Amino acid sequence: MTTHAIHRDKQTGKSLWADAWSRLRHNRLAMFCLLVVILYTGVAMYGEIVYRWHQWHDVTPPYQRTNMELQYLPPSFLLSPFAVDDGEEVSSLKQAVTGISNLMRHPLGTDGLGRDVFQRMIQGTRIAYMVGIVTSLIALPIGVVLGCMAGYFGRRVDDFIVWIYTTFASIPGLLFILAIAMVVGQGLLGVYLGIGLTMWVGLCRLIRGEVIKHKERPYVTAAHALGLGHFRIIFRHILPNVFHVVIVSFTLFFPAAISTEVFLSFLGIGVEGEPSWGIMISNARLRLWHGIWWEMAAATTALFFIVLAFNLLGDAIRDALDPRLRTGK
Amino acid sequence: MFNYVFRRILQMIPTVFGVILITFVLFNVVGGSPALMTLGRHVSPQMLEEFDEIRGFNKPLILGLWAETRTYEVSDFKRNAGPWREVDGVTHHPDTDRDHSHIILAPDMEYAIPLAFPPRAGTSFRWTLEYRLSSDGSASFIYDKPESEENDISFKKRRIDIPYSDRWRKITLPFNAGEQPDELNMRLTVEGAPIEIMAMELERRADHILDSQFVFFIRQLARMDLGTSHVTNQPVTRMIREGIGPSLKLTVPIFFVGLFMAISLSLICAFYRNSMMDRMFIVLAVALMSINYLVWIVVGQYLLAYQLGWFPVWGFETITYLALPIIIGVISGLGTDLRFYRTVMLDEMYKEYVRTAFAKGMGRGGVLFKHVLKNAMITVITNIIIAIPFLYTGSLLLESFFGIPGLGYMGIEAINSSDVDVIRAIVLIGAVLYVAANLLTDICYAWVDPRVQLK
């Protein structure tokens, strides 16, 4: 099996990425998770469009519209949809139409202010994606640049960067994030900075280790011999070879960022005035005691599946990309 | 060995210093005014100044002689005349286009400078004034300095002239507040032509150049004084001493029960690796990992304590109150731990000594418990020691949900009420403990594992 694989690689000369993709494609669970992630991404984009549209037209979006008469409506699929209020005879067609329109109205029920839980869940997905993407955009570049510099230049630069990240790693994580968010002020900016500025440490450490290994390889020596600059060697030659670390880190970083946002919003430090999953859980917590479970269920289920999909996908991608694991088998 | 330990302790110093630096930057530099953050905008400037005075926030940041004071409320005159709003003869002239908004003081009048409260006694101050004054006018800064000579207070009039200038010009006017600053009576006289003032600022002279926030913070730490909570008005060190007990009662059982379960399950996984059971455990572990901590707590509290009534819902009285939080803590951490220890065990399983053990005909159980577990212990011990600092911080959410008065509960409360000193102290102690635990791990590692070379 192994010799055959090596042989085939030689013949076709597949790149690391193509090879990893072909491995990933045969992993049914990973493909399913990828599908889930794509689905969530679509939902988040839809949420963004809804949000922008309503902001552009300056109207209250449906997920913020309160209606005290429709307070605590259970999910419509639990109600008998074909029930008609008045006792008079109606045709089965009309019955079906009312049934379907009832089903469509509040598929996951409403919350304490009569807002539609389904729409709020979609907006929660949008917020979660925003947090995941923006914090990645903060944390990944910091981790990659510092890690590459520490590994490549060594000596003083290395000492300095190692000092920075040991310091950051020493501070208890959640408290550090909370403190940053508190100092920056409430709202999404605090969440972005709190998560982004604390979670680059792991990636930085990994990249540094990989770059140290690659620094002594012949291809880097060859690049030196050609007289290329440090910048070019780091980012054009070494970085592509260690980039799989970034990809794997990203897939594990993303769900962690989402979960942390839920924490922060739950504690009242994160998002304000917008329906994040954390806010939904926080609102639904007290209502749960009165038996109103659907808002809680919607937010937690949405959260569970995206985190699960990312975790499984991350594992699969690591298995597909990491050459060490491959030779071990 | 001794040399190694000594060197590692030396290496700790920069990290501890870094942690102190980060907390300082976070709370003193970035954070804006902690006084405003904690007390809000609706208190008098004097109260804010007192808050700052106790915590050293009214000093220069790192180095410097001149510090801000709230005696005179600084305003950039963009929207209104700031503290000069109520003063007769003052008109506000907005000029936001060129950023030259200013106030105009009409000529031939004497203005009492609007101060929020009297300046501090016996301290040197200086005004910084950015102004414009045409040549046919004159202005001067006048104050009556009380001077007591044997129970007899006489006032001495001091006068500083402000030179005329056609263009915007910046000058500083130093003065000493004397012993009875409430009698100081500071005035500005304008004659001939109006004076236009674009910016005006009052600064207090620090005692010496090192009388700064940073030095204050370091000295506070050197005295082992972590400040005072403004909510409870208690020293933070005492609050931490009281909170650490309940925290440990919660986290220590969670940690050891969780560890025991994770290691046993990981051994089972390693024993039956690649079987249905192993795969089932892995899937279970990932699923457990993916359920948010919050959900465990909320649903656990609702179902087990409220609906089924098996456990008390809230409080900290007897040992039964700890049972549910401990169960939730163990279950929510199990997924991650199980996966970690399974990898550790499987890493060992592929090593040569294991193959040898199998080759000489040893049974699977024997190999697992006699060889693999013993070798894996190095990683396990490392992991145990590194987890110690996290035991101290307690569990933020578990404690606040179940009303356990530990450090986590304290931390959440402090964050909700912006209690800067408490958060800073918890962050700082957590970090220092982490650094110490790291040191301990390295020493244990070097001591237990002969393969580690003491470089």
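Numbers at a glance
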{"quantity": "Extreme residue, nearest to the other protein chains (Cβ to nearest Cβ), among residues of the range A:168-191 that are open to solvent by 30 Å² or more (accessible area, probe 1.4 Å) and farther than 20 Å from B:ALA414 by Cα", "calculated": "A:PHE168"}
{"quantity": "Candidate set from the range B:394-423 (those that are at the interface with chain A (Cβ under 8 Å from one of its Cβ atoms) and under 15 Å from the mean Cα position of the chain (by Cα)); member that is most open to solvent (accessible area, probe 1.4 Å)", "calculated": "B:ASN416"}
{"quantity": "Test: A:VAL246 is surrounded by fewer than 22 Cβ atoms within 10 Å (Cβ to Cβ) and away from chain B (no Cβ under 13 Å)", "calculated": "yes"}
{"quantity": "Qualifying residue in the range B:279-293 (condition: assigned by TED's automatic domain parsing to the domain that holds B:VAL380 and more than 30 Å from A:GLU261 (Cβ to Cβ))", "calculated": "yes"}
{"quantity": "Elements of type helices (runs of 4 or more DSSP H) contained in the range B:270-381, each with 1 or more residues being over 36 Å from the mean Cα position of the chain (by Cα) and farther than 30 Å from A:LEU252 by Cβ", "calculated": "B:352-359"}
{"quantity": "Tabulated pairs, the range B:266-293, first farther than 20 Å from B:ASP347 by Cα, second open to solvent by 80 Å² or more (accessible area, probe 1.4 Å), C-beta under 9 angstrom, 6+ apart or interchain", "calculated": "B:SER290/A:PHE305"}
{"quantity": "Residues of the range B:366-393 satisfying the condition of being among the β-branched types (Val, Ile, Thr) and more than 14 Å from chain A (Cβ to nearest Cβ)", "calculated": "B:VAL367, B:VAL372, B:ILE378, B:THR379, B:VAL380, B:ILE381, B:THR382, B:ILE384, B:ILE385"}
{"quantity": "Unique residue being in contact (Cβ under 8 Å) with a residue 40 or more places away in the chain and open to solvent by less than 30 Å² (accessible area, probe 1.4 Å) when the list is B:GLU49, B:GLU68, B:GLU73", "calculated": "B:GLU49"}
{"quantity": "The range B:259-281: number of residues that are at pLDDT 80 or above and open to solvent by less than 50 Å² (accessible area, probe 1.4 Å)", "calculated": "10"}
{"quantity": "The lone exception for B:SER290 - which of (1) of a type outside the set (Asp, Glu); (2) open to solvent by 50 Å² or more (accessible area, probe 1.4 Å); (3) at the interface with chain A (Cβ under 9 Å from one of its Cβ atoms) it fails", "calculated": "(2)"}
{"quantity": "Pick from the range B:349-367, criterion surrounded by 16 or more Cβ atoms within 10 Å (Cβ to Cβ) and modelled with pLDDT of 80 or more, ranking: farthest from B:PHE402 (Cα to Cα)", "calculated": "B:ALA357"}
{"quantity": "Unmet criterion (only one of (1) among the basic types (Lys, Arg); (2) out of contact with any Ser or Thr (no Cβ under 8 Å at 6 or more places or on another chain); (3) surrounded by fewer than 16 Cβ atoms within 10 Å (Cβ to Cβ)) for B:LYS78", "calculated": "(2)"}
{"quantity": "Counted residues, the range A:211-233 - those being outside any helix (DSSP H, G or I) and open to solvent by 70 Å² or more (accessible area, probe 1.4 Å)", "calculated": "3"}
{"quantity": "Tally, over the range B:293-332, of residues that are of a type outside the set (A, V, I, L, M), away from chain A (no Cβ under 11 Å) and surrounded by 15 or more Cβ atoms within 10 Å (Cβ to Cβ)", "calculated": "8"}
{"quantity": "Residue list for the range B:76-113, restricted to those being of a type in the set (Ser, Thr, Tyr) and touching a residue at least 60 places away in the same chain (Cβ under 8 Å)", "calculated": "B:SER101, B:TYR111"}
{"quantity": "Tabulated pairs, the range A:283-304, first away from chain B (no Cβ under 11 Å) and touching a residue at least 60 places away in the same chain (Cβ under 8 Å), second open to solvent by 20 Å² or more (accessible area, probe 1.4 Å) and of a type in the set (Ser, Thr, Tyr), C-beta under 7 angstrom, 6+ apart or interchain", "calculated": "A:ILE292/A:TYR72"}
{"quantity": "Failed item in (1) in contact (Cβ under 8 Å) with a residue 40 or more places away in the chain; (2) under 30 Å from A:LYS213 (Cβ atoms); (3) within 14 Å of chain B (Cβ to nearest Cβ), with A:ILE164 passing the rest", "calculated": "(1)"}
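Results for (1) open to solvent by 30 Å² or more (accessible area, probe 1.4 Å); (2) part of a helix (DSSP H, G or I), shown as yes or no for each residue.
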| position | (1), (2) |
| --- | --- |
| A:PHE235 | yes, yes |
| A:LEU252 | yes, yes |
| A:GLY270 | no, no |
| A:MET280 | no, yes |
| A:ILE292 | no, no |
| A:ALA298 | no, yes |
| A:PHE304 | yes, yes |
| A:ASN311 | no, yes |
| A:ILE317 | no, yes |
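The values are calculated or read from the model by the stated rules, or taken from the named source; none is laboratory data. Predicted model, so just to flag it, every value in this text is computed and none were measured. Heads up, the Cβs are rebuilt from the backbone with ideal geometry, glycines too, and the neighbour counts pull from every protein chain shown. These area figures cover heavy atoms from the full protein model, side chains too; ligands, DNA and RNA do not enter into them. Shrake-Rupley method; radii C 1.70, N 1.55, O 1.52, S 1.80 Å.
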